[in-house]
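We did not get these values from a lab; they are worked out from the coordinates using the rules stated. Please read all numbers here as calculations on a predicted model, not as lab measurements. So basically every Cβ, Gly included, is an ideal-geometry build from the backbone, and we count neighbours across all protein chains shown.
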Amino acid sequence: MSDFTKDDAAIDKAARLLLQAKYAIALAGAGISVESGIPPFRGPGGLWTKYGEPDGRSYDRFLDDPKGWWQTYRKREGYVSELIDTIEKAKPNPAHYAMVDLEKMGILKHTISQNVDNLHVRAGSKELSEIHGNMFKLRCISCNRRFEMEEISLDELPPHCPHCGGLVKTDGVMFGEPIPPRVLDRCQSEVEKCDCMLLVGTSSTVYPAAGFPADAARHGARFIEVNLYETPLSEMCDVVLRGPSAECLPPIVERLKELAAKPK
Ligand code: ZN
């Protein structure tokens, strides 16, 4: 159990900000996944601390030898294996479900997630941009169509797109790979519209997602931060909840229900 002390005043303020917002969106990072037991990449216990950080050329290696890449991938070696095993066992936590509740209440209009673990989808988020892709999907690098695993046969490697014949890779964005333009455009237009941004478990240091809060701040958006740790964004936030998102977000949903039930 964490030593998180519920901060009722901050929860109330966060709920009121969300209620007042015309277009609230969320930006989710690794913190919410860590709470589901998924190891982070960096830091103590991180996958790259254990296996060594990739050199930033993974996309080039895929392009140089897509068949070889796929053969290695299917053998599930190194950190990919541990990551897939852990993610397959992981379950969405109360923070994922609270975000779905906020979406159903019409408060959260969109979620931008930097996580590739499919947990937002499994929890039921519908308005979702997975900016780094989804480990359980595939994508054509020519037309950017995304596919469910079972839609593409892996009998012959590398697989090709049934629509355009382009190379198919896993949807997770590799080092050195550009963010698929359709996803990036959608994120940017959501950020453009938002007047309130809920930052969940993200230190917002990895681009392009790191640029979103700054963009939103330029047009006057308000910020709610939910994070165990102080981040470079904490200072500019209107409300900061310093604790696990699984313990901070559900009380915000409860408070919103109370506020909504009150006669005006
Ligand atoms: Zn295609």
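Overview of results
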read-out	value
Under Karplus coefficients 6.51, -1.76 and 1.60, residue-wise ³J(HN,Hα) of the stretch 176-187 in Hz, glycine/proline x	x, 9, x, 5, x, x, 4, 5, 5, 4, 4, 4
Fewest-first ranking of I224, I38, using other Cβ atoms within 10 Å as the exposure measure	I38, I224
Sorted by Cβ neighbour density within 10 Å, fewest at the top, the residues T111, T49, T202	T49, T111, T202
The stretch 165-264: GluC sites (Glu not before Pro) in DSSP coil with no more than 13 other Cβ atoms inside 10 Å	E230
Relative contact order [Cα under 8 Å, 6+ residues apart], the stretch 39-89, whole percent	27 percent
Residue with peak Gaussian network fluctuation, the chain [Cα springs, cutoff 10 Å], from P250, P92, P66	P66
For the stretch 39-89, size of Cβ-based charge dipole, Lys and Arg +1, Asp and Glu -1, in debye	120 debye
Compactness index (Cα Rg / 2.2 N^0.38 Å), the stretch 1-141	1.24
Equivalent ellipsoid semi-axes - Cα gyration tensor, the stretch 39-89, angstrom	21, 15, 7
GluC sites (Glu not before Pro) within the stretch 111-184, DSSP loop, no more than 11 other Cβ atoms inside 10 Å	E156
Most mobile listed residue (D171, D155, D65) in the chain, GNM with C-alpha springs under 10 Å	D155
For the stretch 173-264: Kirkwood Rh in Å [reciprocal of mean 1/r, alpha carbons]	14.8 Å
Point-charge dipole on Cβ atoms (K/R +1, D/E -1) for the stretch 1-129, about Cα centre, debye to 20	320 debye
The chain, Cα convex hull volume normalised per residue, Å³	133 Å³
Cα-based Rg of the stretch 149-209 normalised by 2.2 N^0.38 Å, two decimals	1.54
Ellipticity estimate at 222 nm from DSSP helix runs (n ≥ 4, -39,500 (n - 2.57)) divided over the chain, nearest 500	-11500 deg cm²/dmol
Contact order normalised by residue count of the chain, Cα under 8 Å, 6+ apart, percent	27 percent
